[in-house]
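The values are calculated or read from the model by the stated rules, or taken from the named source; none is laboratory data. If you're wondering where the values come from, they're calculated on a predicted model, not measured in any experiment. A quick note on method: Cβ atoms are made from the backbone with ideal geometry, for glycine too, and the neighbour counts reach across all protein chains shown.
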Amino acid sequence: MLSEKYPQFQKYRGLLFFLVLASLVFSMKLNSLFIILLVLQWLLMVPLAEKKESLRRNWKLIALFAAYFLLFAISILYSENTSSAWKDIESKLSLLLIPLSILGQKRLEVKEQAVLLKLYVWFLVGVGVFLVGKSLFLAGGLLTNQEFSALIGVHASYLSLYMAVALFITIQSLTHKSQIKLNTVIALFLAFILVVLAARMVIIATFLSLFTWFAVVHFTWKRLLTMIVIFIGVVFAISSIDSVKSRFQEGLIGEQVEFGNVDDSVKVKTYGGKAIRVAIWQCAQEVVKDNWLMGVGAGDVHKSLQASYKRNEFQLAWQYNNFNSHNLFIETIIAVGVLGVVVLITLFYLLFFSAIKNRNMLLFFFTTLFFMFSLIESAFNVQKGIVFLVAISCLLFSTREEVDKS
């Protein structure tokens, strides 16, 4: 076995994992390369006995990811657009490869995982500093939302997702009274970046998960008061930046999309994110109603949605954009039917159950965040979503209470 001949290569597993996460911000080609290297490390460096024992211990999570992937693979058989279906399957290969590579070998050592998470936090702090500096230099002021994240070519929702996880890691360090002053500054900076990115669901999910853990699961009056103070601070920050404030106002009182009105003035009319999503979900209901059992197949989701947009004369969607369903569960049931949704719900349940059973604060935060994120984004349509969910959940799922306390 190569692990016996070259034992020094085993220590690079944590570095490879960090590179998989970090490359999501910059390059999908690099990300794919690092995933391949991670898989090769597992195949060539991990003894067979260790593979068997690790796979036996973590088979439930591995099986759920594999089942979700296999449902999409099987749907190729009844997809009309097989070319699109194969591309979708290729994009979902991480659902198989990453769980095997991470859960198919012994867990990272406590100190090794702590260093990995801290390195990831510092990386995203660096990304945040770079974005603020570039925004001030190029625009002469602070850009927000998509304009801000576009400076490095990342969608604001996904960059917010990464920043929120870094914030969770930092808050966990604060609960252990580790480098309190430094971690407080980092947490405040990451919270500021979340506000500037103005991804509403990520911000709501972040503070809802924090409130649930500290005010319900691990309740003390001090923690409850702290959560209230933080909430007031975030509300003040949001209300102080006009462009961010307007996004939240749109989410609360936004207008509705006008269907069936196709004169020239309406064709080019744009709406806020909430109004567009509600209109998309209304159209998607028709597709779900007709295909709830087995779905239309992985290759025909886009075509089915576009047809529904056109029937409802949702011009902004079918003529000027290529909107997906903006909901992981709706996207899944349209593609592979109700069984896919059952697998997804079981997956989230397993992660929640493991988090509470093992008192794993980070896994609880992350699962809550990604679950709520999946309600407004088709998170498995892009590599930035698939790889992030699978990699982080597999890393934290294998973590026990003693690691959480490190």
Residue within the range 196-205 that is at pLDDT below 85, in contact with a helix residue (DSSP H, G or I) (Cβ under 8 Å, 6 or more places away or on another chain) and not in a loop (DSSP other than H, G, I, E, B) present
no
What are the residues in the range 297-315 that are surrounded by 18 or more Cβ atoms within 10 Å (Cβ to Cβ) and in contact with an Asp or Glu (Cβ under 8 Å, 6 or more places away or on another chain), if any?
G297, A298, G299, D300, V301, S308
Test: L143 is at pLDDT below 95 and within 28 Å of I376 (Cβ to Cβ):
yes
Is it fair to say S325 is closer than 30 Å to L61 by Cα, hydroxyl-bearing (S, T, Y) and surrounded by 15 or more Cβ atoms within 10 Å (Cβ to Cβ)?
yes
Helices (runs of 4 or more DSSP H) enclosed by the range 208-305 - at least 1 residues per element that are modelled with pLDDT of 85 or more and of a type outside the set (S, T, Y):
273-291
Lone unmet requirement of (1) over 18 Å from the mean Cα position of the chain (by Cα); (2) at pLDDT 90 or above; (3) surrounded by fewer than 17 Cβ atoms within 10 Å (Cβ to Cβ); (4) assigned to a helix (DSSP H, G or I) for T346:
(1)
How many of the residues in the range 97-154 are surrounded by 18 or more Cβ atoms within 10 Å (Cβ to Cβ) and at positive phi?
1
Failed condition for L95, given (1) in contact with a Phe, Trp or Tyr (Cβ under 9 Å, 6 or more places away or on another chain); (2) outside any helix (DSSP H, G or I), with all others met?
(2)
Taking the range 359-370 and keeping residues crowded, with 22+ Cβ neighbours inside 10 Å and of a type in the set (A, V, I, L, M, F, W, C) leaves M361, L363, F364, F365, F366, L369, F370
Does K118 meet the test of being assigned by TED's automatic domain parsing to the domain that holds I238 and touching a residue at least 40 places away in the same chain (Cβ under 8 Å)?
yes
